[in-house]
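Worksheet: one structure, shown below.
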Amino acid sequence: MSFRAKIDHAAKEKFSNLILALDLPPSEPHQLLSRSINLLEEVHPYICAVKINRHLVLPLGLSTGIKRIVNLAHDLGLPTIMDCKINDIGNTNRVIAEFYYNVGFDSVIANPFVGWNEGLQPVFELAKRKRRGVILLVYMSHKGALEGYGQEIMNPKTGELTSQYLVFAEKALSWNADGAVVGATFPGKIEEVYAVLKEHVPIYSPGVGAQGGNIEAAIMAGTRYLIVGRAITLAEEPARTAKLLRDIIQRCADK
Ligand code: BMP
């Protein structure tokens with residue numbers, strides 16, 4: 001099954017479009033691993049996927065701790081996304097993606113700033129061979145995103161002035177990306193990106209909770225999946241919080 005089919009299936013099975021960003025604050029590796037496992041076992045009924053970041057990869061190591069978490073997620077029916085924001089020359093990008101796919105990740109996140117030729121082409125080719133996913137950053141959730149993703153550029157196809165993120169949205173379409181990240185903190189940008197992608201490439205939005213984004217505004221603008229970290233990982237009752245967020249997302253999606 002492709003990554004897209006897997007996450008779609010998990011979302012339907014769990015009645016959830018909530019992705020857990022399994023970001024825990026730094027602590028001793030053995031503690032981090034057991035806390036990650038406990039958290040995942042608690043919240044799994046309310047989420048449709050798990051996103052892992054350097055918070056865990058650096059202290060736990062890929063072939064040991066991370067592999068256990070990825071396997072557990074799969075046993076719980078959850079696809080896994082590695083938030084490695086691939087951003088280098090093609091050969092290095094392919095090696096990075098290969099490590100993550102080999103440990104079992106269903107998708108990676110990549111940065112379209114590096115371009116296609118000798119950039120992300122090898123990653124997309126590898127993903128296709130292995131039936132894994134590539135999700136592109138289109139507009140990030142933090143304020144400084146304006147300086148890069150939000151800059152005005154000349155559209156190479158039309159010669160007209162446009163915004164960098166709209167060109168990235170077009171690339172997400174033409175490269176057949178499996179998802180596009182647009183921060184929930186910028187619902188207006190989500191709407192513009194959705195106008196380009198429609199239902200062809202689903203929008204993934206981090207930024208609700210700790211970063212102040214609004215679930216309803218993001219969903220109404222076109223977000224398909226909400227990515228939430230600290231609001232769940234630092235909550236006193238993570239499962240209760242995840243269920244609450246899941247229910248809000250589903251209510252908004254049903255409107
Ligand atoms: P939180 O809900 O705690 O803010 O976590 C959001 C997660 O999504 C973090 O892992 C962060 O690195 C990631 N992320 C983001 O916040 N904004 C983006 O534009 C892209 C991301 O990957």
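Readers should treat all values here as calculations from the given coordinates under stated rules, not as data from a laboratory. Keep in mind it's a predicted model, so treat the numbers as computed, not measured. All Cβ positions, even for glycine, are placed from backbone atoms using ideal geometry, and neighbour counts span all protein chains on display.
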Counting other beta carbons within 10 Å of each residue's own, what order do Asp106, Asp75, Asp247 fall into, fewest first? Asp75, Asp247, Asp106
Computed for the stretch 3-253: size of charge dipole around the Cα centre, +1 on C-beta of each Lys and Arg, -1 on C-beta of each Asp and Glu, debye to nearest 20, value 500 debye
Which whole number in µm²/s is D for the chain by Stokes-Einstein, with the Kirkwood Rh taken over Cα pairs at 4 °C and 1.567 mPa s? 71 µm²/s
Rounded to the nearest 0.05, FRET efficiency between Glu199 and Asp247 (Cβ-Cβ, R0 22 Å) equals 0.40
Pseudo-spin-label distance Ile37 to Ala239, built 7 Å along Cα→Cβ, given in nm, is 1.7 nm
Report, ordered by chain and residue number, the lysines lying within cross-link reach of Lys6, taken as a straight Cα distance under 29 Å and ignoring same-chain residues fewer than 8 apart. Lys14, Lys51, Lys67, Lys85, Lys128, Lys130, Lys171, Lys189, Lys198, Lys243, Lys255
Highest GNM mean-square fluctuation among Gly179, Gly144, Gly115, for the chain with Cα springs under 10 Å, belongs to Gly144
Classified through the alpha carbon gyration tensor (a ≥ b ≥ c as square roots of its eigenvalues; rounded if a/c is under 1.5, else prolate when a/b is larger than b/c, else oblate), the stretch 56-163 comes out prolate
With 20 Å as the cut-off, how large is the P(r) tail for the stretch 40-103, expressed as percent of Cα-Cα pairs? 29 percent
Extension reserve of the Leu161-Ile89 stretch, reckoned as 0.36 nm per residue once the Cα distance is removed: 23.2 nm
With DSSP loop assignment and no more than 14 other C-beta atoms within 10 Å, the GluC sites (Glu not before Pro) in the stretch 125-215 are Glu160, Glu199
For Asn53, net neighbour charge (Lys/Arg +1, Asp/Glu -1) across residues whose Cβ lies under 11 Å away: +1
